[in-house]
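The values are calculated or read from the model by the stated rules, or taken from the named source; none is laboratory data. Here the structure is a predicted model, which is why all the values come from computation and not from measurement. Counting neighbours? That spans all protein chains shown, and the Cβs are built from the backbone with ideal geometry, glycine included. Just the protein is used for accessible areas: all its heavy atoms, side chains included, with ligands, DNA and RNA removed. Shrake-Rupley method; radii C 1.70, N 1.55, O 1.52, S 1.80 Å.
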Amino acid sequence: MGQKERLGRVAGALLLALAGAFYFSAVLETAGQEVVLVVHYLRPMGDYKGWTLWTWDDKTEADSQELTAVDQGVDGLIFRVVKENYGDGTQIGLLPKFGNWESKDPPDRIWAPEMGDEVWILTGYPKLLSEKPDMSMTQEKGGQTLTVHYHRPESDYKGWTLWTWDDKTEEDSRELQAVDQDDYGLVFRVTKKDYGNGTRIGLLPKFGNWINKDAPDRVWFPFMGDEVWIVSGDPELHAERPDISPWIRGGFVDGPAEVVVSLSKGMDTKDIKAQRFSINDAQGKEIPILKVEGQPPSGTAAREIKVTLSRPFELRRDQLDKFTVSAKGYRSGNLTIRGILDSSAYISDMPMGAIVSTQGTLFRVFAPTASQVQVLLYEQAVGGEARVVDMSPAANGLWEVTVQEDLRGIYYTLKAQGGDPRFDLQRELIDPYSQCNTAHNGRGLILHDETPVADGPQFGIDEAIVYELHIRDFTIDEHSGIQHKGKYLGLTEEGTTMPGNSEIKTGLDHLLELGVNAVQIMPIQDFENDESRDAYNWGYMPVHFNSPDGWYATQRFGPARVEEFKRLVDALHRNGIKVVMDVVYNHTAETSPAKIFSFNGLVPGYYYRLKEDGSYWNGSGTGNECRSEAPMVRKFILDSVEYWVKHYKVDGFRFDLMGLIDLETMVQLTQKLRAIDPNLLIHGEPWAAGQTPITPTVKGTQRGRGFSVFGDHFRDAIKGGVFDLNPGYVQAGINIDRVKKGIQGSINDFTDSPLETLNYVACHDNRTFWDRLKITTERQADISDADRIRMDKMGAVLVLTSQGIPFIHSGQEMLRTKGGDYNSYNKPDAVNKIRWQWKVDHRDVFDYYRGLIALRKAHPIFRMKIRQEVLDNLKFFDDHLGIPVPPRCIAYRLTKGSSGDAWSQVILLFNPNEGRMTFSLPKGKWVVTVDEDEAGENPVKTGSRVFSKGKARVPGRSAMVMYLEGGS
């Protein structure tokens, strides 16, 4: 922007001052009469065109509306917010936005009454201001370089770098090396102009290739100055050098009379003596210490010290938040309850939640550290006066109360108070066992729903063909012909076709035409979102696990979300399709003190894995990880999956980041579910997204335990690894040995049975199969889209004929593209939706997939159940039969064994080469049912239909399947 334009804008602002002053007076007078909040929005450069104010009731995340400015003055845009339009008008969210969400000015700012009736938002400044700000706070000032200091108490700096990015756009990310090291720690120089306009820069220390990171993200703003300081484990970005003398991170109550003291800097083992430590109760009285020892007890220094006291704690009576722990040479800290809750004294198998009958309603919650728990009863979903009912303590850390009324149709929340400072009696919580919520931060609804659900289809795990979909993606397209677009009910509609083309079936009818028999639905458990907005989300930030999310329901309040998801399950069951829920029990959205919805409000610190310093383990990569090994967390997970099976009749579960769910929980869960229905589909991702303190449930741990895992080895062998752009077998004829292992159901890799692995080439994560083929071959001018389609078909043959459970990503059967997007979890419909025009454009691909599915369903030779069957009946030409195979090709023979198949033998040939290849065949007359153009259980109609002379010519980049005619 030129100097003249800058001066012009400043002059314009000054000319507005007088008129603005008169206007402010009028607005405030009106505000006094109408209970109005006046919001000023300042953009120093005066670029206000297109900016509006998004507002909502932050208590419920309801009542959201977009406001346009009523005027523009010296203090920028002026908005009038009528408080009564936002629930009780005591907590209102404010977020400036540009156009149709093309941009926004985060973070969310929250108004509370103590701020007064006039507030200011200054672009780029994170806080809501109750006084007119200095306009220079977010302007470019100072030098061109930001100096960042990073301190680690143990001075273990080797391998640590600084990840930086433009936090406005989340672009321009780069890794910086330290330029110096001083008495504080590492020193980094950040050149502001490298990050957009240099007014909001993200900072995150990282170790190695993301082996570790020092979360959370810290964001620099100009008002902080040109020099900032980071302390390891401290979420704050300091504008002044902080005190880095050693401190006690916390004292953790891990036993009846046991505290583990976590130090910022290790203490020399020879100095670990009882007299160096003291723990004082709420009255300041010192509690005698019996013993101290380093954890672990060996080594020259220890950062964790186990302290044994002379008396036990009384969790409900002791004011533990007022206890202090001290150590000579360290700043003092406070106590936090932790491992003590894993003892048998705090384990119960009693039913939990709101248990309703005609005689009364029993409320039961687990809150062992609380000193007071209340139930708040409401007649309505939002607002209204609460009837408060005090609960009474019961055995094993429970609280209970029975209201002598049938409370069906009543909304409720919980409140809890206790000695832990993380309790807040002013905070309303949702019962973790609530079965129907108004929103993730709203209220629970007490109900006894009797919406009928048909029993699921009965067939074995070996017969499953899993199709993954997102409800909105699958139903939202304007050309879907579906009435309830983006909703649960969209998947219940039958007979839908593409408008103007009745031959193109959509929605549920598309699934039936394709032939899949199990639909895996991406998360529908109540997740963190604003259900009143159309902001897209996959749903992998769960909050409550027993209530369907209302974003997919036709009504936000009332029982619609429960009734309509049941109708979805019922519709699929009636059409012979199983329903698998994608569940996310590995973490929740309770990732900070500002985001407490249920678990952390009832038992602070219990439900999540904490490091010795009290910070979260983050193996999920999203902020925390659930402590599934804790007795009452394990009980909750087992109760939850049983609830969905019994009340919704779902047919299985896909466990997101199953690596973070401890193996014992997975074993118990599987046993519990198999006792209900031995044919339930139970599988998960055998990995974590970061470091975790448990032994993760990874590939191989499932051996013989009744659940399955995703076979990413086979996936990457077929198309190349998801974290690079290297090709795989279908593009380049490489990874032959790994592909062979996948064909065998991974029994020579990580499974005991082929039914322990899911075979796939794409899912919602990473790029679609088509986008992957495009990006890995786009620099090869001799490869056309026609070639890529042949690669796609060959990948489909590998997935749908190999031993194991086949899995298809929705739209894969019609070359779904997301425009190359790698992580579309929050991208708009334009990126994520299934476009039914693809089915018109790629009908041949759809028919090919449909034919392969029909082939698999008709022939159990492709669906062997046990390891020995595979070893006895699957023979590779070159490895087992002594028959040579052309370069880069794969050929094998299946014999029916004990499968009962009508075909005695089947041969499968794969040629990833550009040109046609000739394969030698065993003696006999071989009838082709799959080639480069056709697929099915019947002989192909064109091309070579029969080979009887011991040779078969297979076209380039294609597969061929043939059976022995007349064989026994």
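Annotations for the structure displayed:
- Residues of the stretch 772-792 classified as open to solvent by 10 Å² or more (accessible area, probe 1.4 Å), assigned to a helix (DSSP H, G or I), out of contact with any strand residue (DSSP E or B) (no Cβ under 7 Å at 6 or more places or on another chain) and over 15 Å from Asn726 (Cβ atoms), total: 5
- Residues of the stretch 573-593 that are hydrophobic (A, V, I, L, M, F, W, C) and within 19 Å of the chain's Cα centre (by Cα): Val580, Met581, Val583, Val584, Ala589.
- Of everything in the stretch 380-403 that is of a type in the set (S, T, N, Q) and out of contact with any helix residue (DSSP H, G or I) (no Cβ under 7 Å at 6 or more places or on another chain), the residue that is nearest to Val633 (Cα to Cα) is Ser392.
- Scanning the stretch 420-438 for residues that are at pLDDT 95 or above and either among the hydrophobic types (A, V, I, L, M, F, W, C) or touching a Leu at 6+ places or on another chain (Cβ under 6 Å) (or both) gives Leu429, Ile430, Asp431, Cys436.
- Boolean, Asp878 is closer than 24 Å to Ile461 by Cα, open to solvent by 10 Å² or more (accessible area, probe 1.4 Å) and of a type in the set (Asp, Glu): no
- Of the candidates Asp390, Asp477, the single residue that is of a type in the set (D, E, K, R) and open to solvent by 20 Å² or more (accessible area, probe 1.4 Å) is Asp390.
- Subset of the stretch 532-573 (residues that are in contact with a Phe, Trp or Tyr (Cβ under 6 Å, 6 or more places away or on another chain) and open to solvent by 20 Å² or more (accessible area, probe 1.4 Å)): Met541
- Filter result for the condition that a residue is closer than 26 Å to Ser332 by Cα, among the hydrophobic types (A, V, I, L, M, F, W, C), buried (at least 20 other Cβ atoms within 10 Å of the Cβ) and touching a Gly at 6+ places or on another chain (Cβ under 7 Å), over Val228, Val259, Val253: Val259
A quick yes/no check of all residues on (1) out of contact with any His (no Cβ under 7 Å at 6 or more places or on another chain); (2) open to solvent by 70 Å² or more (accessible area, probe 1.4 Å); (3) not in a loop (DSSP other than H, G, I, E, B):
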site: Gly143; (1), (2), (3): yes, no, no
site: Tyr150; (1), (2), (3): yes, no, yes
site: Glu154; (1), (2), (3): yes, no, no
site: Lys158; (1), (2), (3): yes, yes, no
site: Thr161; (1), (2), (3): yes, no, yes
site: Arg174; (1), (2), (3): yes, yes, yes
site: Arg189; (1), (2), (3): yes, yes, yes
site: Asn197; (1), (2), (3): yes, yes, no
site: Leu203; (1), (2), (3): yes, no, yes
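- Any hit, the stretch 511-520, residues being farther than 23 Å from His683 by Cα, at pLDDT 95 or above and crowded, with 24+ Cβ neighbours inside 10 Å: no
- Being open to solvent by less than 60 Å² (accessible area, probe 1.4 Å) and not basic (Lys, Arg) is a description that does not apply to Leu290.
- For the stretch 393-424, the tally of residues that are open to solvent by 40 Å² or more (accessible area, probe 1.4 Å) and within 20 Å of Arg317 (Cα to Cα) stands at 8.
- Test: residue in the stretch 223-233 that is under 26 Å from Gly605 (Cα atoms) and assigned to a loop (DSSP other than H, G, I, E, B): yes
- Residues (surrounded by 17 or more Cβ atoms within 10 Å (Cβ to Cβ) and acidic (Asp, Glu)) located in the stretch 293-320: Glu304, Asp318
- Strands (runs of 3 or more DSSP E) contained entirely in the stretch 281-391, each with at least 1 residues that are closer than 27 Å to Tyr616 by Cβ: 289-295, 301-309, 324-327, 330-337, 353-356, 361-366, 370-378
- Tallying residues that are open to solvent by less than 10 Å² (accessible area, probe 1.4 Å) and within 19 Å of Val466 (Cα to Cα) within the stretch 711-732 yields 3.
- Of the residues Ala675, Ala689, the single one that is among the small types (Gly, Ala, Ser), in contact with a Leu (Cβ under 8 Å, 6 or more places away or on another chain) and either within 30 Å of Lys213 (Cβ to Cβ) or surrounded by fewer than 19 Cβ atoms within 10 Å (Cβ to Cβ) (or both) is Ala689.
- Filtered residue count, the stretch 860-897, keeping only those that are charged (D, E, K, R) and part of a helix (DSSP H, G or I): 5
- Strands (runs of 3 or more DSSP E) fully within the stretch 900-968 counting 3 or more residues that are more than 21 Å from Val870 (Cα to Cα): 917-920, 926-930, 951-954
- When the stretch 176-204 is filtered for residues that are under 13 Å from Tyr157 (Cα atoms) and either in contact with a Ser or Thr (Cβ under 9 Å, 6 or more places away or on another chain) or not acidic (Asp, Glu) (or both), the ones remaining, listed by number, are Gln177, Ala178, Val179, Gln181, Tyr184, Gly185, Leu186, Val187, Phe188.
- Taking the conditions (1) more than 30 Å from Asp268 (Cα to Cα); (2) in contact with a strand residue (DSSP E or B) (Cβ under 6 Å, 6 or more places away or on another chain); (3) open to solvent by 70 Å² or more (accessible area, probe 1.4 Å) in turn, Glu170 satisfies each one other than (2).
- Test for Gly621: is it surrounded by fewer than 18 Cβ atoms within 10 Å (Cβ to Cβ) and either closer than 23 Å to Glu450 by Cα or under 19 Å from the mean Cα position of the chain (by Cα) (or both): yes
- Applying the condition of being among the aliphatic types (A, V, I, L, M) and not in a strand (DSSP E or B) to the stretch 427-451 and asking which residue is surrounded by the fewest Cβ atoms within 10 Å (Cβ to Cβ) yields Leu447.
- Filter result (at pLDDT 95 or above, open to solvent by 10 Å² or more (accessible area, probe 1.4 Å) and either part of a strand (DSSP E or B) or among the small types (Gly, Ala, Ser) (or both)) within the stretch 574-618: Gly576
- Filter pass, Lys635 being within 24 Å of Glu468 (Cβ to Cβ) and either surrounded by fewer than 20 Cβ atoms within 10 Å (Cβ to Cβ) or at pLDDT below 95 (or both): no
- Selection of strands (runs of 3 or more DSSP E) fully inside the stretch 82-133 by the criterion of at least 1 residues being at pLDDT below 90 returns 92-98, 118-122.
- Any hit, the stretch 837-847, residues being surrounded by 18 or more Cβ atoms within 10 Å (Cβ to Cβ), of a type in the set (Phe, Trp, Tyr) and within 27 Å of Pro955 (Cβ to Cβ): yes
- The listed residues are Val885, Val831, and the only one of them that is without any contact (Cβ under 8 Å) to a residue 40 or more places away in the chain and under 30 Å from Phe527 (Cα atoms) turns out to be Val831.
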